[in-house]
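To start, the structure itself, in structure tokens.
The values are calculated or read from the model by the stated rules, or taken from the named source; none is laboratory data. Because the structure is predicted, anything quoted here is derived from the model rather than measured. A quick note on method: Cβ atoms are made from the backbone with ideal geometry, for glycine too, and the neighbour counts reach across all protein chains shown.
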Amino acid sequence: MALMILGAYTFAMNPATCTMPFAKRSAAAAETVGGVEFFSWGTFIEGAEVTMTWEFMTVAQFASLVSLLTDDAQIVWTPGTGTTYNVQILDLQGEYFLDQTVGAQFRKDVTLKLVIISEN
């Protein structure tokens, strides 16, 4: 798989895991006197959330993701599957990796959450 692109940033390392961008079903059930009424508005990708995780990530890549988060703007996500999505970043979390024996600095247990606004 090609390296993912988020906005103008091409990932240095793809995530170890990434949920699939998948259409969700909009439906509701309401209890009535004689049973239940079911309402369905179909499926759509807008509003679906994607979660990516990395066990380790370079400080530079983490800083690039922080920059995209603080830009607070809609951006294009290219996961490398042939489809692109307009997304917003919902959340970015990570921990310091404080092992002094490693030459480069890393972040660990990084999670990035996106919400899909539309499919391109």
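Quick one: count up the residues across region 31-59 that are in contact (Cβ under 8 Å) with a residue 60 or more places away in the chain, within 30 Å of Tyr96 (Cβ to Cβ) and not β-branched (Val, Ile, Thr). Outline the logic, then answer.
Looking only at region 31-59, we keep the residues that are in contact (Cβ under 8 Å) with a residue 60 or more places away in the chain, and these are 45-52.
Keeping just the survivors that are within 30 Å of Tyr96 (Cβ to Cβ) gives 49-52.
Add one more test, that the residue is not β-branched (Val, Ile, Thr), and what stays is 49, 52.
Count: 2.
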Restricting region 1-46 to residues that are of a type in the set (A, V, I, L, M) and in a strand (DSSP E or B), the residue that is nearest to Pro79 (Cα to Cα)
Ile5
Does at least one position in region 60-77 carry a residue that is under 30 Å from Leu98 (Cβ atoms), within 15 Å of the chain's Cα centre (by Cα), in a strand (DSSP E or B) and of a type outside the set (Asp, Glu)?
no
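Within region 98-110, can one find any residue that is surrounded by 12 or more Cβ atoms within 10 Å (Cβ to Cβ), within 15 Å of Cys18 (Cα to Cα), β-branched (Val, Ile, Thr) and touching a strand residue (DSSP E or B) at 6+ places or on another chain (Cβ under 9 Å)?
Narrowing region 98-110 to residues surrounded by 12 or more Cβ atoms within 10 Å (Cβ to Cβ): 105-110.
Right, trim to within 15 Å of Cys18 (Cα to Cα) and you get 109-110.
Now drop any that are not β-branched (Val, Ile, Thr), which leaves 110.
Filter once more, keeping what is touching a strand residue (DSSP E or B) at 6+ places or on another chain (Cβ under 9 Å): 110.
Yes, that holds for at least one residue.
Residue under question is Leu92, and the condition is that it be touching a helix residue (DSSP H, G or I) at 6+ places or on another chain (Cβ under 6 Å), closer than 17 Å to Ala12 by Cα and either among the acidic types (Asp, Glu) or in contact (Cβ under 8 Å) with a residue 12 or more places away in the chain (or both); does it hold?
yes
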With the first residue restricted to region 1-30 and required to be farther than 19 Å from Val87 by Cα and surrounded by 11 or more Cβ atoms within 10 Å (Cβ to Cβ), and the second required to be β-branched (Val, Ile, Thr) and at pLDDT below 95, Cβ contacts under 8 Å at 6 or more apart or on different chains are Ala12/Thr58; Met13/Thr58
